[in-house]
1. Take Ala81 and decide whether it is out of contact with any helix residue (DSSP H, G or I) (no Cβ under 7 Å at 6 or more places or on another chain) and of a type in the set (A, V, I, L, M, F, W, C).
2. Quick one: which helices (runs of 4 or more DSSP H) sit completely within the stretch 64-178 and have at least 2 residues that are of a type in the set (S, T, N, Q)?
3. Look through Lys124, Lys150 and report the one residue that is farther than 24 Å from Tyr70 by Cβ and either out of contact with any strand residue (DSSP E or B) (no Cβ under 7 Å at 6 or more places or on another chain) or surrounded by fewer than 20 Cβ atoms within 10 Å (Cβ to Cβ) (or both).
4. Among the residues of the stretch 49-77, which ones are buried (at least 18 other Cβ atoms within 10 Å of the Cβ) and not β-branched (Val, Ile, Thr)?
5. Please name all residue pairs, on different chains or six or more residues apart, with Cβ atoms under 7 Å, provided the first residue is in the stretch 124-143 and is closer than 16 Å to Ser42 by Cα and the second residue is of a type in the set (A, V, I, L, M, F, W, C) and surrounded by fewer than 14 Cβ atoms within 10 Å (Cβ to Cβ).
6. Quick test for you: out of Ile96, Ile46, Ile80, pick the one residue that is farther than 29 Å from Lys150 by Cα, without any contact (Cβ under 8 Å) to a residue 60 or more places away in the chain and either buried (at least 16 other Cβ atoms within 10 Å of the Cβ) or over 17 Å from the mean Cα position of the chain (by Cα) (or both).
Amino acid sequence: MKKLFLFFILVSCSLFGQECKCEPEFIKTINEMSKEQILHFSDEIISGFEKKQKYIKTISQEPNLIKIIYYENGIPDNIIATDLKDGYCSLCTELIFKKYYKGKNSDLNIIGQEFFSFVSAEGKYLDLYKWWQKKFYPNLSKEEILNNSKTHYIKLPDIRLDLRFVKNLDTWEIQNKF
């Protein structure tokens, strides 16, 4: 069964993106992280940014949504505090995760196990492409990824994965649509 699953992932990635490296264990973590794994996952994406970022805090203002907040290292604390004042930040980088309970059944009073799935990260292309390249297209250059729209989508419906690396106005976003 595992071999069949692995074969399906490899075939799907080759259909939806050229030379996609889809590691099954990593793919699973995108939609099934523990609370402890969220920060590590976020740090991994942020580590590719051209300007060093610092973790500021985790915000949980909306039910079932967690935001991991980073700012550039050089931004003073008083400006960060002002920027975060209303719960919306214009100078920060946010990584968003959705909380869910695997195995939950309200009818049977089963709480389920808490997990988180990656929802999105936003930034400049030159910041985000490094993570995208490392995880999915290590054999392609930044130009090849940018200029080939087939490398911007990874869709694996059987395991509920629909990742997109898309331009949104002046920024780029990695989105998980499932």
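1. Numbers: out of contact with any helix residue (DSSP H, G or I) (no Cβ under 7 Å at 6 or more places or on another chain): yes; of a type in the set (A, V, I, L, M, F, W, C): yes.
Yes, satisfied.
2. Details: elements: 77-84, 125-136, 142-147.
Qualifying helices (runs of 4 or more DSSP H): 77-84.
3. Details: Lys124 fails: farther than 24 Å from Tyr70 by Cβ.
Among Lys124, Lys150, only Lys150 is farther than 24 Å from Tyr70 by Cβ and either out of contact with any strand residue (DSSP E or B) (no Cβ under 7 Å at 6 or more places or on another chain) or surrounded by fewer than 20 Cβ atoms within 10 Å (Cβ to Cβ) (or both).
4. Residues of the stretch 49-77 that are buried (at least 18 other Cβ atoms within 10 Å of the Cβ), as a first pass: 49, 53, 56, 66-71.
Passing the criteria: Phe49, Gln53, Lys67, Tyr70, Tyr71.
5. If the second residue must be of a type in the set (A, V, I, L, M, F, W, C) and surrounded by fewer than 14 Cβ atoms within 10 Å (Cβ to Cβ), the pairs left are Lys135/Phe26.
6. Numbers: Ile96 fails: farther than 29 Å from Lys150 by Cα; Ile46 fails: farther than 29 Å from Lys150 by Cα.
Going through Ile96, Ile46, Ile80 in turn, just one is farther than 29 Å from Lys150 by Cα, without any contact (Cβ under 8 Å) to a residue 60 or more places away in the chain and either buried (at least 16 other Cβ atoms within 10 Å of the Cβ) or over 17 Å from the mean Cα position of the chain (by Cα) (or both): Ile80.
Since every read-out is calculated from the coordinates, none of them should be taken as a lab result. Since we're looking at a predicted model, the values are computed, not measured. Neighbour counts run over all protein chains shown; Cβ positions are idealised from the backbone, glycine included.
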